[in-house]
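These notes are about the structure you will find just below.
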Amino acid sequence: MNINNFLSDLNLIYPEIILVSTLVIVLLFDLIFKHNKSFLPIISLAGITFAIFFTILNFGKNEFAFGYGSNNFLLSIDDFSNFFKLLILISSIFIILFSILSNEIKICRDRHGEYYTLLLGMIIGMFFLVSANDLIVIYISIEILSLSSYILAGFVKTSLRNSEASLKYVIYGGVSSGIMIFGMSLIYGMTGSTNLSEINSILKVTALSDVTFLTSLLMVLAGLGFKISVVPFHFWTPDVYEGAPIPITAYLSVASKAAGFAVLIRFIKIMFLSGITNNEYWVLYPIIDWRSLLIIFSIITMTLGNLSALWQDNLKRMLAYSSIAHAGYILLGLAVLSNQGLTAVLIYFIIYLFMNLGAFLVVMLIANEINSEDINDYKGLGYSLPFLSAMLSIFLISLVGLPPTAGFIAKLYLFIALVDAKMIVVAIIALINTVISLYYYVRVLKNLYLSKPAENKIKIRNLSFVYSLVLIMVVPVILFGIYFAPITNLAKYSLKILGM
Amino acid sequence: MNNFPILSLITFLPILGMLIILFIPKRNSLFIKSFTIIITAIQLVLAIVLLVNYNFNLAGINDIKSFQFVEKFRWIEIDGFAWLGKIKIDYFLGVDGLSVPMILLTTIITFIASISSWTIDKSIKGYFLMFLLLDTGMIGVFVALDFFLFYIFWELMLLPMYFLIGIWGGPRREYAAIKFFLYTLLGSVLILLVMIGLYFSTMETLADGTRVFTFNMLEMMNPTNYTQNGILSPLNPANLRFIAFIGLFIGFAIKIPMFPFHTWLPDAHVEAPTPISVILAGILLKMGTYGILRISYPIFPDITKDLIWWIALFGAINIIYGALCAMAQKDFKKLIAYSSVSHMGYVMLGMAALNTLGISGAILQMFNHGTITAMLFLLVGVVYDRAHIRDIEGFGGLGKQMPIYTGFTTVAFFAAIGLPGLSGFISEALVFLGSFGNDSIRILAIISTLGILLGAGYMLWTLQRVFLGSLPEKWNQLTDLDTREYIMFVPLVIIIIFLGVYPSPMLNLMNSSVNAIVDIVEKSGSFIKSIGSL
């Protein structure tokens, strides 16, 4: 490795460097000023803001970084990864603001240093994950991400269900990353490389379609499927989501899932792409019927997610299943295997970020006031907490995908991609899923408004901060529903995936 | 006058009102109520201004030049997609002879419903917010000429309707509200799918000569705009036009509601508060048939022509089945709900006739049914407000106790039966004239006349049970109509009698547009077939 190249490549990972320094600063600050915990989120926010700035500067660069060997690179700093980095940073900002408000996090005041350090650790893991161009980097960054999130899921040590969630997460996560590294080692054994681009060029010459390669491939996909909670690798999701502190649940459901999707898309596209048609459909090496595989997984995922959500009384658990269902919709966008489908996926993620985080935020704020996430305790809240209830309704309606909310635009682009690919039956199944999902989302609205009004008004603490935070989340949900040109443009500019 | 955005104003005035009401404290309930009435009254005035300035000779339907009060702006424009070229969506409003009667109907009924909402006493602010949101959705559906915009307005109505039934409704309101929501959402997703399919099958030529996929309904109606291998393009031998037509039709039929998709209607009607029943029956049901005439007919003329027998058949089933169900009802409101099913059957029968008489009759029937049923639901509301029951058997002899109320009811009932001199007669007569004139559905038309007989049967029987005979003692205290109720009923009665005696203004209003629809289905149906067989 040439040291000069190494140093110049550092220019490309300024955002990562900033995040690592922030992590160190937070850690040191916590050690030195033991009693000044309220500065920790501010330092983290400042670091993230800087990282956002440098991520935006990186847009349009599209360069490989950290080469080794003849033409192998560990990271690809392309628009696609920058898009996901931006998504992760924005959701991190919201998560830190959530954490400030969260009662669960507040009570562990003396461990706030750990909390923000681990959160930054998660971000760093996701950052390397979304731009990883090498199986080893993928594995290591998934581990960085996972180890931080295992601890964060069980952050409130005094809470039994936190600890349970954390333990379950560790066990499932450990098994799945074990399977994944096994699969990776098999791939290395057969191709002699861990680099995605190089494996692609090897596959071009030698047709590897024997059972061993297929198995190793499925093992890696299982590991990635665990991160995005695709059925049948979803079993941890409801338990962990229900048990973990709400900010962490929200974070796992948006940022960690986005990172998982990013690496899945890169894995499939860079490793197996053999060409692109005129309409920008991807032609993949026919190792397996990619489209059918993805369609089957996505349909099972969305159907099972939606049907299970129908029976949930705990709102966090319901949103967990709903996020499984949404992973199914997003996977369907990937299943189209075209740049059009990819656009739909990116647009879906932008909108999903706001609507899902928003829903979790309101659930958390309501839980702060009534100490419950049970749907039956929501009866009549529409009258005692009018603002929060109205906002929750908007987020949920957007999750259903009804216009004029942004959720409709997300679904619209998805269905446009499906219809253009002539996947009509799949589109119909997805639409029926949407109708099913209406039932459980509206069940919340029913409890909020249709039950008899409670007499007393509940006072919200930190009123203006809460109001402005919720409004910041709700404005894009409405605005992008009516005028969606900006997000479509952003998605369009983020399609560039380096490789080949 | 033509540059003034009158359609946007009518459509978004309620949203403006909503924003104002949002900032009015809850306790000013009197102000909120009267403010809503003022908003709907302004809408009505604007609709009348629209009518006065409307040129009766222009047809509209598929020709943008003969649409009036057109507002067309680029709403979304995104360049540079390798697979689509450009994404373009217009904000496109306009009216023709098909939509003007519906706008008139909507503004009249909404105005009356807002007066009727005076008696709402629970969470008044929330009610009127939802009421106004619903109002925008309804008008929007009738003025939108871009499919995407149409769909947004179409869906915009679902949520307020869910809350209006679910919060302010009767004892089984939760069930009725969710049933309404699920049924109509199922219909809408079918419409959505067809919309996307059409988007990929038609291309519009822009001013600079580039061709882009389009959501513009008028461009979708032009057979020369079809792409070579769009899934809904007749040029594609493997096209899915037939399936798409069925999907779209079911989407609209759920709203009509057509048998067998009608089961949400009796529940929703019985549980909804009176003003919402009025809006539901008076306006929302018309959207189904409006959608078929506005979208299904001109965009799928070839398939329409093949399937008119089936449309007529379901119309006939609606007529007879609705009437028989109505006859068996003990609940006054449920009876009216089923009579709506029956009367919407006439609209479908008239549409299926595919000639000027039949389609004019259908549109007129949409208008007349809107006014008559609105009145019937208001009348049920009046007696329910006083007696707190709606059981037909529980009444009797009200004729002596409430003579003026009885008078209004009799007019409305006779109009519903189709007594000559009242508006219902004209439209039903036109529907039957039209459908007799079409050889292929004549038999169905003959069978459907049975519906008139049945209609007279259940209406007169109800009249007898409620108003004649001896008055049970507990109803001694019932008072006759008050001023507010007069304000609601008198305009409706005037419309019903006026259109019964002198329907020609209304018929002239829609005549050229109806001719255009007939023409499109007759001519371009064969044209599409010829390009399809190339």
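The values are calculated or read from the model by the stated rules, or taken from the named source; none is laboratory data. Treat the numbers as computed from the prediction; the structure is a model and nothing was measured. Glycine gets a Cβ as well: all are built from the backbone with ideal geometry, and neighbour counts include every protein chain shown. Quick note on the areas: whole protein, heavy atoms, side chains included, nothing else; ligands and nucleic acids left out. Shrake-Rupley method; radii C 1.70, N 1.55, O 1.52, S 1.80 Å.
General observations
- Selection count, segment A:482-494, where residues are under 19 Å from A:Ala417 (Cβ atoms) and either in contact (Cβ under 8 Å) with a residue 12 or more places away in the chain or not hydrophobic (A, V, I, L, M, F, W, C) (or both): 9
- Remark: A:Pro403 matches the filter, which requires a residue to be closer than 16 Å to B:Pro160 by Cβ, more than 20 Å from the chain's Cα centre (by Cα) and at pLDDT below 90.
- Pick from segment A:114-147, criterion polar (S, T, N, Q) and open to solvent by less than 10 Å² (accessible area, probe 1.4 Å), ranking: farthest from the chain's Cα centre (by Cα): A:Asn133
- Every pair of residues 6+ apart whose Cβ atoms lie under 7 Å, when the first sits in segment A:11-30 and is of a type in the set (Asp, Glu) while the second is at pLDDT below 90: A:Asp30/A:Leu40; A:Asp30/A:Gly113
- Helices (runs of 4 or more DSSP H) fully within segment A:418-500 counting 1 or more residues that are away from chain B (no Cβ under 13 Å): A:463-482
- Residue count, segment A:55-92 (criterion: assigned to a helix (DSSP H, G or I) and surrounded by fewer than 17 Cβ atoms within 10 Å (Cβ to Cβ)): 2
- Sole residue being more than 21 Å from B:Leu129 (Cβ to Cβ), within 10 Å of chain A (Cβ to nearest Cβ), surrounded by fewer than 24 Cβ atoms within 10 Å (Cβ to Cβ) and not acidic (Asp, Glu), chosen from B:Leu156, B:Leu182, B:Leu192: B:Leu182
- Here the condition is being more than 7 Å from every other protein chain (Cβ to nearest Cβ), touching a Leu at 6+ places or on another chain (Cβ under 8 Å) and surrounded by 24 or more Cβ atoms within 10 Å (Cβ to Cβ); of A:Ala406, A:Ala410, it holds for A:Ala406 alone.
- Scanning segment B:232-271 for residues that are in a helix (DSSP H, G or I) and of a type in the set (A, V, I, L, M) yields B:Ile243, B:Ala244, B:Ile246, B:Leu248, B:Ile250, B:Ala253, B:Ile254, B:Leu265, B:Ala268, B:Val270.
Yes or no, residue by residue, for (1) open to solvent by 10 Å² or more (accessible area, probe 1.4 Å); (2) more than 14 Å from chain A (Cβ to nearest Cβ):
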{"residue": "B:Leu93", "(1), (2)": "no, yes"}
{"residue": "B:Leu98", "(1), (2)": "no, yes"}
{"residue": "B:Leu104", "(1), (2)": "yes, yes"}
{"residue": "B:Phe111", "(1), (2)": "yes, yes"}
{"residue": "B:Tyr127", "(1), (2)": "no, no"}
{"residue": "B:Gly137", "(1), (2)": "no, no"}
{"residue": "B:Val143", "(1), (2)": "no, yes"}
{"residue": "B:Trp168", "(1), (2)": "yes, no"}
{"residue": "B:Pro171", "(1), (2)": "yes, no"}
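- Criterion applied to B:Asp121, B:Asp135, B:Asp146 was being farther than 28 Å from B:Lys72 by Cα and either of a type in the set (D, E, K, R) or over 15 Å from the mean Cα position of the chain (by Cα) (or both), and the one residue passing it is B:Asp121.
- Taken together, the residues in segment A:370-382 that are away from every other protein chain (no Cβ under 12 Å) and either open to solvent by less than 20 Å² (accessible area, probe 1.4 Å) or closer than 16 Å to A:Pro247 by Cα (or both) amount to 6.
- Matching residues in segment A:164-184 - criterion: being open to solvent by less than 40 Å² (accessible area, probe 1.4 Å), touching a residue at least 12 places away in the same chain (Cβ under 8 Å) and either in contact with a Ser or Thr (Cβ under 6 Å, 6 or more places away or on another chain) or farther than 19 Å from A:Pro238 by Cβ (or both): A:Gly173, A:Ser177, A:Met180, A:Gly183, A:Met184
- In segment A:93-113, of all residues being open to solvent by less than 30 Å² (accessible area, probe 1.4 Å) and of a type outside the set (A, V, I, L, M), the one that is nearest to A:Asn356 (Cα to Cα) corresponds to A:Phe94.
- Among the residues listed as B:Leu235, B:Leu285, the single one being of a type outside the set (Ser, Thr, Tyr) and more than 30 Å from B:Ile78 (Cβ to Cβ): B:Leu285
- Residue list for segment A:383-396, restricted to those being of a type outside the set (Ser, Thr, Tyr), within 11 Å of chain B (Cβ to nearest Cβ) and either open to solvent by 10 Å² or more (accessible area, probe 1.4 Å) or part of a loop (DSSP other than H, G, I, E, B) (or both): A:Pro386, A:Ala390, A:Ile394
- Of the residues making up segment A:352-369, those that are open to solvent by 10 Å² or more (accessible area, probe 1.4 Å) and of a type in the set (S, T, N, Q) number 1.
- Filtering segment B:458-514 to residues that are open to solvent by 40 Å² or more (accessible area, probe 1.4 Å), part of a helix (DSSP H, G or I) and aromatic (Phe, Trp, Tyr) leaves B:Trp461, B:Tyr486, B:Phe498.
- Close pairs (8 angstrom Cβ cut-off, 6 or more residues apart or separate chains): free of Cβ contacts under 8 Å to residues at least 24 places away in the same chain in segment A:348-361, open to solvent by less than 10 Å² (accessible area, probe 1.4 Å) and not in a helix (DSSP H, G or I) anywhere: none
- Tally, over segment A:35-54, of residues that are in contact (Cβ under 8 Å) with a residue 40 or more places away in the chain and not in a helix (DSSP H, G or I): 1
- Among the candidates B:Leu232, B:Leu164, B:Leu240, the residue that is more than 9 Å from every other protein chain (Cβ to nearest Cβ), within 27 Å of B:Asp519 (Cβ to Cβ) and either in contact with a Pro (Cβ under 9 Å, 6 or more places away or on another chain) or crowded, with 19+ Cβ neighbours inside 10 Å (or both) is uniquely B:Leu232.
- Meets criteria (out of contact with any Cys (no Cβ under 8 Å at 6 or more places or on another chain), of a type in the set (Lys, Arg) and either open to solvent by less than 50 Å² (accessible area, probe 1.4 Å) or within 14 Å of chain A (Cβ to nearest Cβ) (or both)) for B:Lys86: yes
- Scanning segment A:307-339 for residues that are within 14 Å of chain B (Cβ to nearest Cβ) and open to solvent by 10 Å² or more (accessible area, probe 1.4 Å) returns A:Leu310, A:Leu337, A:Asn339.
- Any hit, segment B:205-220, residues being open to solvent by 10 Å² or more (accessible area, probe 1.4 Å), within 12 Å of chain A (Cβ to nearest Cβ) and more than 24 Å from B:Met366 (Cβ to Cβ): yes
- Residues of segment B:181-225 satisfying the condition of being charged (D, E, K, R) and part of a helix (DSSP H, G or I): B:Glu219
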